[in-house]
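The values are calculated or read from the model by the stated rules, or taken from the named source; none is laboratory data. All figures in this text were calculated on a predicted structure; none of them were measured in a lab. Heads up, the Cβs are rebuilt from the backbone with ideal geometry, glycines too, and the neighbour counts pull from every protein chain shown. Surface areas here come from the heavy atoms of the whole protein model, side chains and all, with no ligands, DNA or RNA. Shrake-Rupley method; radii C 1.70, N 1.55, O 1.52, S 1.80 Å.
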Amino acid sequence: MSVDLIHNGQAQGAFANELLANGRTDVGMMKPWIGKDGKPYVTIFSGGDPVDPDNYKTMPTTNAATLRRDEWKALDSAVMGIAESRLGGVQDLIDAGLVYTIGNGMGSTVLEWHDVSDALTATMTMDGISRGENDRPVFQTNYLPLPIIHADYEINSRVLASSRTLGNPLDTTMVERAARKVLLLQEQMLFTATSYAWGEADDRSRNSI
């Protein structure tokens, strides 16, 4: 198992280098696939209509690949099938535009904002010389944690080899279950008392959502 790290402005690992260089990650770059020649490739969206195949380009990559292109498509189809099921509360908010875009969500652990108290009071005098109330606003810093919702699973290498040898479809049971659990937790946070707390804010209560 390999671990990517970013520490003191230095990156270790392909994923960490991509994140440090661009401030974001390209989904296509994270899905290298094995071509018929046995070499790794990636498919990158070049812009325009995402449904048009001509807006995607295939290029070789140095990233190590484990799955073939059709196997990635099988996994993506399984995830999309789960996403289109009845767990749609969060998606309804997204479709309605009720979102707040984080510039670099992967590289941000909290969303910071400030509360500002009221200050100053207008007064009426006859000469304009009498001093009115001259107080200063009080700022309070707040933090909203930005957690990652994930469910970990793996595809056994022997099962994968057996699927390729026998020509059987890739078993997507685990990826379907993982996608379902992620969506279910999102819905629970939206409709129930499910919450998440992280860190300490001075002597105040923990930051939570």
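Structural remarks
- Rg over Rh [alpha-carbon atoms, Kirkwood Rh] for region 53-155: 1.28
- Inter-probe distance in nm under a simple model that places probes 7 Å from Cα toward Cβ, at Tyr56 and Ile94: 1.8
- Cα-based shape type of region 77-130, given that a ≥ b ≥ c are square roots of the gyration tensor eigenvalues and the cut on a/c is 1.5: prolate
- The phi torsions of region 127-138, fed into the Karplus equation with coefficients 6.51, -1.76 and 1.60 and a -60° offset, translate into couplings of 10, x, 9, 4, 6, x, 5, 10, 10, 9, x, 10 Hz, rounded to whole numbers, with Gly and Pro shown as x.
- Atom-type composition of the exposed protein surface of region 106-147 places 54 percent of the accessible area on carbon and sulfur (1.4 angstrom probe).
- Qualifying GluC sites (Glu not before Pro) in region 88-173, DSSP loop, other Cβ atoms within 10 Å at most 13: Glu133, Glu154
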